[in-house]
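Colleague: Let me give you the structure first, and then I'll get to my questions.
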Amino acid sequence: MRFFTKVAMAIVACSFLSFQSKAQDLRLGLKAGASFDKTQGRNLKNEFNGTFLGGAFLGIDIKKVRVQGELLFSQSKITTGDNFRDAFGNYVDNSATSIRNGDFKMNELSVPVLVGFNILPKRLWLMAGPQYTGVVSIDDVHGLVRETKDVFKTGYLSGVVGAELELILGLNAGVRYVFGISDRNNTNVSESWRTSHIQVHLGFSFIK
């Protein structure tokens with residue numbers, strides 16, 4: 001949580017320091033859309049789930065290069081597979097009668113820091129960069145484990161690639177693929193859990 005808070009503060013500070021000299025290049029706005037996430041693991045149910053995505057962005061365009069930071073709220077869901085109890089029995093609540101298809105729903109805050117390159121003048125941008133996601137809360141829907149903090153890490157690192165299209169009246173639309181870099185598994189069981197997202201959004205720039 002400290003890491004992405006510091007990143008967000010640095011983005012805001014750098015952007016506003018440049019405001020006087022490059023006000024015409026500053027971008028500030030809101031965005032909303034959908035995120036389809038999947039967490040892969042041997043003992044998880046590997047399928048995409050659709051959830052809400054929303055937040056704010058702040059960036060600077062310098063000729064054909066864009067530097068943009070964002071603060072995004074999203075949700076993700078992890079569903080257990082057939083053999084979850086066998087592999088993670090030490091973490092399972094003994095009162096849980098059924099482990100298969102058990103859901104963990106997570107509220108998350110993400111800070112992507114992206115660099116974009118303009119490939120169609122004033123219209124189409126290709127974007128890429130790192131993203132840190134902090135897990136704000138976890139809902140163990142079916143009461144499967146004793147402590148969720150012992151099973152899932154509180155944050156994870158991803159990479160982002162995507163494209164953004166500038167529309168009329170300050171509107172923009174984009175699509176991204178967010179691929180997991182760090183492991184979300186916080187247990188001592190030797191199994192890797194990495195989350196991938198496919199995201200689509202519509203945004204509006206107040207300043208451009």
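The values are calculated or read from the model by the stated rules, or taken from the named source; none is laboratory data. All values reported here derive from a predicted model rather than from experimental measurement. Please note: Cβ atoms are built from the backbone with ideal geometry, for glycine as well, and neighbour counts cover all protein chains shown. The accessibility values were calculated without ligands, DNA or RNA, using every heavy atom of the protein model including side chains. Shrake-Rupley method; radii C 1.70, N 1.55, O 1.52, S 1.80 Å.
Colleague: Using unit Cβ charges (K, R positive; D, E negative) and no other charged atoms, how large, in debye to the nearest 20, is the dipole of the chain about its Cα centre?
Modeller: Numbers: 24 positive and 18 negative charges, 151 e Å.
Result for the chain is approximately 720 debye, rounded to the nearest 20.
Colleague: Using 0.36 nm times the number of residues separating D82 and F36, minus their current alpha carbon distance, what extension gain do you get?
Modeller: Numbers: separation 46, 0.36 × 46 = 16.56 nm, distance 2.24 nm.
Stretched fully, the D82-F36 segment lengthens by 14.3 nm.
Colleague: Next up: Go ahead and run the numbers for FRET between R146 and F73, Cβ-Cβ distance against an R0 of 35 Å, rounding to 0.05. It would help to have the intermediate numbers written out before the result.
Modeller: Working: r = 28 Å, r/R0 = 0.80.
For R0 = 35 Å, the calculated efficiency reads 0.80.
Colleague: Let me ask something else about it. Angle between the Cα long axis of helix 2-17 and the longest principal axis of the chain, 0 to 90 degrees, nearest 10?
Modeller: Between helix and principal axis, roughly 10 degrees.
Colleague: For every helix of n ≥ 4 consecutive DSSP H residues, a contribution of -39,500 (n - 2.57) applies; sum these over the chain, divide by its total residues, and give [θ] at 222 nm rounded to the nearest 500 deg cm²/dmol. Spell out each step's value before the answer.
Modeller: On the way: 3 runs with 25 residues, N = 208.
For the chain, the value works out to -3500 deg cm²/dmol.
Colleague: Could you work out which residue, out of P112, P121, P130, moves most in a Gaussian network model of the chain, that is, has the largest mean-square fluctuation with Cα springs under 10 Å?
Modeller: Fluctuation is largest for P121.
Colleague: So, in Å, what gap is there between the alpha-carbon centers of the stretch 94-117 and the stretch 136-208?
Modeller: Cα centroid of the stretch 94-117 versus Cα centroid of the stretch 136-208: 8 Å apart.
Colleague: Moving on. How large is the dipole of the stretch 45-124 about the Cα centre if only Lys and Arg carry +1 and Asp and Glu carry -1, each at its Cβ, rounded to the nearest 20 debye? Let's see the in-between values first.
Modeller: Working: 10 positive and 8 negative charges, 119 e Å.
That gives a dipole near 580 debye.
Colleague: Next up: Using a Förster distance of 45 angstrom, determine the FRET efficiency expected from the C-beta separation of L126 and T154, and round it to 0.05. Let's see the in-between values first.
Modeller: Working: r = 31 Å, r/R0 = 0.70.
Efficiency at R0 = 45 Å is approximately 0.90.
Colleague: Could you work out the relative contact order of the chain? I mean the mean sequence separation of Cα pairs under 8 Å and 6+ apart, divided by the number of residues, in percent.
Modeller: Values: 527 pairs, mean separation 45.9, N = 208.
Taking the mean separation of contacting Cα pairs over the length of the chain, I get 22 percent.
Colleague: Looking at this model, which pairs from K31/K64; K31/K105; K38/K63 are more than 31 angstrom apart at the alpha-carbon?
Modeller: Details: K31/K64 22 Å; K31/K105 22 Å; K38/K63 36 Å.
Violating the 31 Å Cα-Cα cut-off are K38/K63.
Colleague: Along the charge dipole of the chain, which of I78, I119, T97 sits closest to the positive end, that is, farthest toward it, with unit charges on the beta carbon of Lys, Arg, Asp and Glu (+1, +1, -1, -1)?
Modeller: Positive-end residue among those listed: I119.
Colleague: Taking only protein heavy atoms and a 1.4 Å probe, what accessible area per residue, in Å², does the chain have with all protein chains in place?
Modeller: Values: 10570 Å² over 208 residues.
That works out to 51 Å² per residue.
Colleague: Want the number for L167 to V115: 0.36 nm per residue separation, take away the alpha-carbon distance, what's left?
Modeller: 16.8 nm
Colleague: Now, a different point. Using a Gaussian network for the chain with springs between C-alpha atoms less than 10 Å apart, which of these wobbles most: V189, V175, V145?
Modeller: For the chain, modelled as a Gaussian network with Cα springs under 10 Å, the answer is V189.
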